[in-house]
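Working notes, structure below.
The values are calculated or read from the model by the stated rules, or taken from the named source; none is laboratory data. Predicted model only: the values in this text are computed from it and were never measured. Here the Cβ positions follow ideal geometry from the backbone for every residue, glycine too, while neighbour counts run over all protein chains shown.
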Amino acid sequence: MTRDWVPLLLIPVVAALALPLVGSPTSWVTLTVAGLAMGLMIFIMASGLTLTFGLMDVLNFGHGAFIAVGAFVAASVMLALAPWMTADSLWLNLAAVGPAVLAAMAVSGALGWGFERVIVRPVYGQHLRQILVTTGGLIVAEQLLKVVWGPDQITLARPTALRGAFLLGDVAIEKYRVLAVLIGLAVFAALALTLNRTRLGLLIRAGVENGEMVEALGYRIRRLFVGVFVAGSALAGLGGAMWGLYQETVTAAVGAQVAVLVFIVVIIGGLGSVGGCFIGALLVGLTANYVGFLAPKVALGSNILLMALILLWRPQGLYPVAKR
Amino acid sequence: MPEALLSLRGVRTNIGRYHILHGVEFDVLEGGLTMLLGRNGAGKTTTLRTIMGLWRAAAGEIRFAGRDITGLPTPDIARLGIAYVPESMAIFADLTVQENLVLAARSGPPDRQRLDWIFGRFEALKRFWTLPAGHLSGGQKQMLAVARAIVEPRRLLLIDEPTKGLAPAIIANMIDAFRELKDGATSLLVVEQNFAFARQLGDSVAVMDDGKVAHSGGMAAFAADTGLQQHLLGLGMGEHQ
């Protein structure tokens, strides 16, 4: 994806700097795994957003709606299959989680398709209107979630197989976080392979750089954009489902809350860059966990500070996409 | 007498509140090379972009191979067999040279013979095949932009200032390439500021002034009429060499 390795080094550097500050190696390992898991979940939610911005310069502030819908749909399926979730059989757990995740992705993807047609398409090329109308879309979606699922938060217990932790000596690593890391890495690998090894990926990368020229070569960029928008919405739904299980609660405000982190990650990474988004997400996840442990009172502002520092270093983000 | 492959009639283009083209009319003949000349700001680039559908014609008609293409979406125009090399070159800097050409070859992997022919003209592209295009020099980027347009046979090439900033040796290669393309039944419409280049290559010429075609006809006659050149292009005698 890129040959500039310096931003990638930030991840081990941040982790290494945190080790003496945290003091205890066991706490450090736990925090690092938690940070990676959190970061990879944010990456899953952010990857579609960065590509849609890169392809069509669309600022979609309503992306959080897909996250929230994914979380609610997955929660509904898992609650409906509660006996399988609480069973001691891994296969029954998977039989509940699998359909829940697929349903979350399908519904969020379908919502993304409708959102693009109804809300985004009329405001192509008009950034101010995009911000207003997509923010409005998020607010409407949030209220609709309250209408459908009620205003109260939904408590969501993880399936039996994903409760508890692996013990490596004195270090306890939550099973769910390990799974989140594995899924996040799998999504990143799939995206990287698609973008770098397929003709579709070639088109997306070229379109992010110069959509007009891609059209002049005979490709319909809008059709490509809709596809990427739907795929990005589905990934946001997957991320929302994972986030719900991570927090073990789901509220209508989850989309707006997580969207803040998602936007920070997209900006840090460089608008349109999946590789930058991946590194940005890991940095945000690690920073949030280390700072949350060391100085809980400044945890909320740590990601903003991280973004400010990175933009001072690279004003276009870690991997700015060469634009026309 | 060859048929007109491309014809523009009364084409008007507005960009925002500005009226750029005021009824452009000219033909590009089948198998011919038409030079579109004119001073800066005369509307040459706008004309090419309007033909490609990148800017919409507000009025008038653009016909390609007998078909009205005014208002067609850009991809549909490209799929009719028209390739476009913009003045900015618009190469994909994050993609390798190879990926740029693979993407431009819509019908499948680039033909090996065709690639060898391109490498024969633009050797640097072979040398830097796997290098991101953003790392190429300005001249090499121009070669890539032209190569991308010709990696597959097209009926019409629209090329905006291909020689801008190029070394003479590369310009000579480009002249050869364009001649060979023309011999292979490709028609070309080339915007050019370099009159020496235009005179060597063009069969016909359309000279734009203030958003209109002020003169069109054969290149030989235009090249011989220094008064007309002086009037339309502001060329002095020294620039004819």
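Listed by position, the helices (runs of 4 or more DSSP H) enclosed by region B:139-241 that each have at least 2 residues that are closer than 19 Å to B:Thr46 by Cβ and not polar (S, T, N, Q) are B:226-233.
Residues checked against (1) modelled with pLDDT under 95; (2) away from chain B (no Cβ under 14 Å); (3) in a helix (DSSP H, G or I):
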{"position": "A:Gly184", "(1), (2), (3)": "no, yes, yes"}
{"position": "A:Ala189", "(1), (2), (3)": "no, yes, yes"}
{"position": "A:Leu195", "(1), (2), (3)": "yes, no, yes"}
{"position": "A:Leu200", "(1), (2), (3)": "yes, no, yes"}
{"position": "A:Gly218", "(1), (2), (3)": "no, no, no"}
{"position": "A:Arg222", "(1), (2), (3)": "yes, no, yes"}
{"position": "A:Gly227", "(1), (2), (3)": "yes, yes, yes"}
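B:Ala185 satisfies every condition listed in (1) closer than 16 Å to B:Gly31 by Cβ; (2) away from chain A (no Cβ under 13 Å); (3) of a type in the set (A, V, I, L, M, F, W, C); (4) surrounded by 21 or more Cβ atoms within 10 Å (Cβ to Cβ) except (4).
If I ask for residues that are without any contact (Cβ under 8 Å) to a residue 12 or more places away in the chain and either away from chain B (no Cβ under 14 Å) or small (Gly, Ala, Ser) (or both), which ones from region A:202-216 would you list? First the steps, then the outcome.
Within region A:202-216, the first condition is being without any contact (Cβ under 8 Å) to a residue 12 or more places away in the chain, and the residues that meet it are A:202, A:205-206, A:214-216.
Matches in region A:202-216: A:Ala206, A:Ala216.
Quick grid of which residues meet (1) touching a helix residue (DSSP H, G or I) at 6+ places or on another chain (Cβ under 7 Å); (2) modelled with pLDDT of 95 or more; (3) polar (S, T, N, Q):
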site: B:Ala83; (1), (2), (3): yes, yes, no
site: B:Arg106; (1), (2), (3): no, no, no
site: B:Pro110; (1), (2), (3): yes, no, no
site: B:Leu115; (1), (2), (3): no, yes, no
site: B:Lys126; (1), (2), (3): yes, yes, no
site: B:Gly134; (1), (2), (3): no, no, no
site: B:Gln142; (1), (2), (3): no, no, yes
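In the condition set (1) closer than 19 Å to B:Ser88 by Cα; (2) of a type in the set (S, T, N, Q); (3) in contact with a Phe, Trp or Tyr (Cβ under 9 Å, 6 or more places away or on another chain), B:Asn173 is compliant with all but (1).
Scanning region A:151-161 turns up no residue that is part of a loop (DSSP other than H, G, I, E, B) and within 14 Å of chain B (Cβ to nearest Cβ).
Candidates are the residues of region B:77-136 that are within 18 Å of the chain's Cα centre (by Cα), surrounded by 19 or more Cβ atoms within 10 Å (Cβ to Cβ) and in a loop (DSSP other than H, G, I, E, B); the one that is farthest from the other protein chains (Cβ to nearest Cβ) is B:Phe122. Would region A:299-315 turn up any residue that is under 30 Å from A:Gly201 (Cβ atoms), hydrophobic (A, V, I, L, M, F, W, C) and either free of Cβ contacts under 8 Å to residues at least 40 places away in the same chain or buried (at least 24 other Cβ atoms within 10 Å of the Cβ) (or both)? Within region A:299-315, one or more residues are under 30 Å from A:Gly201 (Cβ atoms), hydrophobic (A, V, I, L, M, F, W, C) and either free of Cβ contacts under 8 Å to residues at least 40 places away in the same chain or buried (at least 24 other Cβ atoms within 10 Å of the Cβ) (or both). For region A:10-111, the helices (runs of 4 or more DSSP H) that sit wholly inside it and include 1 or more residues that are within 14 Å of A:Tyr290 (Cβ to Cβ) and more than 23 Å from the chain's Cα centre (by Cα) are A:25-56. Of everything in region B:38-59 that is of a type in the set (D, E, K, R) and touching a residue at least 40 places away in the same chain (Cβ under 8 Å), the residue that is farthest from the other protein chains (Cβ to nearest Cβ) is B:Arg39.
Of the residues screened, A:Gly237 is not one that is surrounded by fewer than 24 Cβ atoms within 10 Å (Cβ to Cβ), in a helix (DSSP H, G or I), more than 9 Å from chain B (Cβ to nearest Cβ) and of a type outside the set (A, V, I, L, M, F, W, C). Taking every residue in region B:137-162 that is under 19 Å from B:Lys126 (Cα atoms) and pairing it with any residue that is part of a loop (DSSP other than H, G, I, E, B) and among the charged types (D, E, K, R), at least 6 positions away or on another chain, the pairs with Cβ-Cβ distances below 7 Å are B:Glu152/B:Arg106. Taking region B:7-50 as the range and being of a type in the set (Val, Ile, Thr) and under 14 Å from the mean Cα position of the chain (by Cα) as the test, the residues that pass are B:Val28, B:Thr34, B:Thr45, B:Thr46, B:Thr47, B:Thr50. I'd like to know if region A:242-257 contains one or more residues that are touching a strand residue (DSSP E or B) at 6+ places or on another chain (Cβ under 8 Å), surrounded by 24 or more Cβ atoms within 10 Å (Cβ to Cβ), without any contact (Cβ under 8 Å) to a residue 40 or more places away in the chain and small (Gly, Ala, Ser). The answer is no; no qualifying residue exists.
With respect to B:Ile62, determine if the residue is more than 9 Å from chain A (Cβ to nearest Cβ), β-branched (Val, Ile, Thr) and part of a strand (DSSP E or B). Taking the combined requirement at face value, the residue satisfies it.
Here the condition is being over 20 Å from A:Arg199 (Cβ atoms), modelled with pLDDT of 95 or more and assigned to a loop (DSSP other than H, G, I, E, B); of B:Leu48, B:Leu72, B:Leu36, it holds for B:Leu72 alone. Filtered by the rule that a residue be touching a residue at least 12 places away in the same chain (Cβ under 8 Å) and out of contact with any helix residue (DSSP H, G or I) (no Cβ under 9 Å at 6 or more places or on another chain), region B:13-25 gives B:Asn14, B:His19, B:His22, B:Gly23, B:Glu25. The residues listed here are B:Ala4, B:Ala58; of these, the one that is farther than 16 Å from B:Thr186 by Cβ, small (Gly, Ala, Ser) and surrounded by fewer than 21 Cβ atoms within 10 Å (Cβ to Cβ) is B:Ala58. Does at least one position in region A:163-179 carry a residue that is part of a helix (DSSP H, G or I), crowded, with 19+ Cβ neighbours inside 10 Å, among the hydrophobic types (A, V, I, L, M, F, W, C) and within 22 Å of the chain's Cα centre (by Cα)? Scanning region A:163-179 turns up no residue that is part of a helix (DSSP H, G or I), crowded, with 19+ Cβ neighbours inside 10 Å, among the hydrophobic types (A, V, I, L, M, F, W, C) and within 22 Å of the chain's Cα centre (by Cα).
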